[in-house]
Amino acid sequence: MTRALLVLGILIVAIFAKNVEITSDLFEASEKERISKFIGNVTFKTPKERLQADRVYIYFDKNKKPIKIEAIGHVKFFIQDKDKIFEGEAGKVVYYPRRKEYILYDNVKVVQKPGKKLIYAEQIVIDLKNSKLVVKGKEKKPVKMIFSVEE
């Protein structure tokens with residue numbers, strides 16, 4: 001079991017084609033379920049992303065490539081793509097590496113830079129591959145955006 005955990009830990013770093021640093025209070029892995037779990041005070045860092053959460057789960061396909069990264073509980077994030085930066089917090093963040101898509105859930109607050117646009121919503125989809133942003137509210141809690149208009 002210890003060997004399997006070590007192998008999965010090494011694979012996580014090798015699978016991402018960039019430097020990844022993950023710290024947590026507890027690490028669990030299952031080759032059979034193809035999942036790695038980081039639990040408690042999780043910090044996830046790459047050169048262009050940072051997040052903190054209560055838990056982070058990384059799901060793998062049969063070829064041991066990550067297909068989904070899920071951050072749950074008190075998530076704070078920083079995402080950089082070309083000239084745009086998204087920084088904020090949410091109850092849950094799901095990232096699909098193949099699609100380069102982030103889905104932010106539950107009381108989402110985002111500052112988009114440059115321009116310091118403030119976005120409050122129940123769900124935000126950040127599609128980096130297609131440079132697309134979709135913001136969703138709820139019936140009793142609509143989307144709220146605050147930004148400056150240049151004259």
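One table, with the values for the structure above:
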item	result
Selection from region 79-89 of residues that are under 17 Å from ASN130 (Cβ atoms) and crowded, with 17+ Cβ neighbours inside 10 Å	ILE79, PHE86
Hits in region 14-55 (condition: of a type outside the set (D, E, K, R) and not in a strand (DSSP E or B))	ALA14, ILE15, PHE16, ALA17, ASN19, VAL20, SER24, THR46, PRO47
Residue count, region 90-115 (criterion: farther than 14 Å from PHE78 by Cα, over 14 Å from the mean Cα position of the chain (by Cα) and either touching a residue at least 24 places away in the same chain (Cβ under 8 Å) or crowded, with 16+ Cβ neighbours inside 10 Å (or both))	1
Sole residue being in contact (Cβ under 8 Å) with a residue 40 or more places away in the chain, touching a strand residue (DSSP E or B) at 6+ places or on another chain (Cβ under 6 Å) and within 13 Å of TYR102 (Cα to Cα), chosen from PHE77, PHE86	PHE86
Residue in region 30-45 that is more than 25 Å from LYS117 (Cβ to Cβ), hydroxyl-bearing (Ser, Thr, Tyr) and either at pLDDT 95 or above or surrounded by 15 or more Cβ atoms within 10 Å (Cβ to Cβ) (or both) present	yes
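The values are calculated or read from the model by the stated rules, or taken from the named source; none is laboratory data. Fair warning: this is a prediction, and the values are worked out from it, not measured in the lab. When we count neighbours, we look across all protein chains shown, and the Cβ atoms used for this are built from the backbone with ideal geometry, even at glycine.
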